[in-house]
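Only the coordinates and a few stated rules stand behind these numbers; no lab work does. On a predicted model such as this, the values are computed, not experimentally measured, just so you know. Virtual Cβ from ideal backbone geometry, glycine too; neighbours counted across all protein chains shown.
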Amino acid sequence: MDSLTKLWLSTGLANFELGQVIMMLVGCGLLYLAIARNFEPLLLLPMGFGSILTNIPIAGFSEVGGLLHFIYYAGIDTGIFPLIIFMGVGAMTDFGALIANPKTLLLGASAQFGIFATLFGAIALNAVPGIEFTLKDASAIAIIGGADGPTAIFLASKLAPELLGAIAVAAYSYMALVPIIQPPIMRALTTIDERKIEMAQLRPVTKVEKIIFPLGVLLMTIFFLPAATPLVGMFCLGNLMKESGVVDRLSSTAQNELINITTIFLGLGVGSKLSAEAFLNVETLGILALGAVAFSIGTASGVLMAKVMNKFSKVPINPLIGAAGVSAVPMAARVANKVGLEANPHNFLLMHAMGPNVAGVLGSAVAAGILLALVGG
Amino acid sequence: MNSMEQQFLEAGTLMLAGMVFVFAFLSLLIIFIKTVLAKLAVKFPDPIAPNRNHSNKKKNKVVSGEISPAIIAVISGAVNSYRQQHSQQNFSLQKAKK
């Protein structure tokens, strides 16, 4: 009888707590979004599975000595995984559209207003009982508005590791929801005539320019914002590997095998942070709400900036491309292209929107560096 | 409440400093692209450009070796119209005979 009780006590059924069951259901929800709805499946699938694994009673995946514990501390706590992913993203990024039309950098800059405005929102939420965000927490939440997964995870792991799970879930969910969140805002802020604007063709960009560009960006970051050099440095390394054309093997590894392997571990590591005590609270709801606000403000300020630029520029600028300033490459650029095509079937904005889109990546990395320098110290 | 006000103040300062810095940084980047990169583009034009022409020429050669679709279209159009005229002539001849 005694051994029977022991056997019963070693089963999962006897040890389940309500929180664990709920978090497993959350994990299943993420799996559903990934598999059935195709929402950022590359990350949400391992993340959802990680959430299931970490909430298994007795198995101790996330306790000291457990698999997910080691993955988290080796790759996310140290910031290595998001940085490796950023290198891969750099190797996949073509700055051609940006170099051909450098004005679009301003769009990428203004879309970062979503990040800094959300800081306010996060602090304001402290008025709600049960929510207590420090300035570090608020900064880590606000970076969701940068719409850049690796940047958000990197900053959260440095500033507010206890909120990392919720921040990553919010960041990737909203990135998957870009085609749903952005178009209504874009339509509300522009007239049909503005959406119809066709843009002049971009000038060709030479290879030398594309090689010098990442080096120039890195040099400027070294001079003015060393706190952002981990992100910008890895990004520029990946980009230089691609554009130099002499290390195709490395470039191909960075944008394929390496980024894939890292994505698996990053997803699992983030999933390990989805434990009941860390996730099931009012703060998570606050983070999800703030994420949506951050995205919307970022989109709106990008579009508004593009409208202003269109007024003063000699060359016409379609305000829709401003929405692509919130990074989320290449989804946001595709959305701008799609909304443009709705208004004018001959209007192909994709290449023009790629400029602000990659500018947004740089902008959010710079914003992350600023937050790290001013709040993290 | 006082600490909340202080936090708001800090957030406000952070927002101002952050936005100013982001704009300043990316504006400097615009200047960098417009001055340094534009000069480089003029000094070191792309070696790929002549290659592209080369491949175009090659393509043209290949195309001229075969028969281009445009020529086929013209020929088949001419044949069609000839046949139509011809059949109409036949028709009118037949009518005349009657």
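Annotations
- The radius of gyration of the Cα set in the stretch A:71-190, together with its Dmax, comes out at 16.0, 50 angstrom.
- For the stretch A:211-357, the relative contact order is 12 percent, taking Cα pairs closer than 8 Å that sit 6 or more residues apart in sequence and dividing their mean separation by the residue count.
- Our summary of shape: the Cα atoms of the stretch A:108-171 have principal axis extents of 35, 23, 17 Å, ordered from largest down, in whole angstrom.
- Rounded to the nearest whole Hz, the Karplus-based 3J(HN,Hα) values (6.51 cos²θ - 1.76 cosθ + 1.60, θ = phi - 60°) of the stretch A:128-133 follow the sequence 6, x, x, 10, 9, 9, with x at glycine and proline.
- A simple rule links phi to the HN-Hα coupling: the Karplus curve 6.51 cos²θ - 1.76 cosθ + 1.60 with θ = phi - 60°, which for the stretch A:20-29 gives 5, 4, 4, 5, 5, 5, 4, x, 5, x Hz, with x for Gly and Pro.
- C-alpha long axis of helix A:282-312 to longest principal axis of chain A, angle in °: 0
- Averaged over peptide A:209-221, the number of partner chain Cβ atoms lying within 10 Å of each residue's Cβ comes to 3.
- Per residue convex hull volume, Cα atoms of the stretch B:1-45, in Å³: 37
- With θ taken as phi - 60° and the Karplus curve 6.51 cos²θ - 1.76 cosθ + 1.60 applied, the whole-hertz 3J(HN,Hα) list for the stretch A:256-266 is 10, 4, 5, 5, 5, 4, 5, 4, 4, 5, 4 Hz, x standing for glycine and proline.
- Rounded to the nearest 10 degrees, the angle from helix A:350-374 to the longest Cα principal axis of chain A is 60 degrees.
- For A:K314, the aspartates and glutamates whose Cα falls under 20 Å of its own Cα, not counting residues fewer than eight places away in the same chain, are A:D193, A:E194, A:E198.
- Residues B:K39, A:K158, ranked from the fewest to the most other C-beta atoms within 10 Å, line up as B:K39, A:K158.
- FRET efficiency for A:F348 and A:E257, using Cβ-Cβ distance with R0 set to 30 Å, rounded to 0.05: 0.35
- Crossing angle, helix A:80-92 versus chain A [Cα axis fit, 0-90 degrees, rounded to tens]: 30
- Rounded to the nearest 0.05, the FRET efficiency derived from the C-beta distance between B:F8 and A:V21 at R0 = 41 Å is 0.55.
- Listed pairs A:K311/B:K39; A:K307/A:K338; A:K338/B:K39 exceeding 26 Å between Cα atoms: A:K311/B:K39; A:K338/B:K39
- Based on the reciprocal of the average 1/r between different C-alpha atoms, the Kirkwood radius for the stretch A:3-84 equals 14.2 Å.
- Spin-label pair A:L42/A:D77, simplified geometry with 7 Å Cα→Cβ offset, distance in nm: 2.7
- Proxy reagent accessibility, fewest Cβ within 10 Å first, across A:C236, A:C28: A:C28, A:C236
- Building the convex hull from the alpha-carbon atoms of the stretch A:230-377 and averaging its projection over directions returns 12.7 nm².
- Over the protein assembly as shown - Rg/Rh using Cα atoms and the Kirkwood inverse-distance radius: 1.13
- For A:115-124, mean number of other protein chain Cβ atoms within 10 Å: 5
- Contact order relative to length of chain A, as percent, for alpha carbon pairs under 8 angstrom and 6 or more apart: 30
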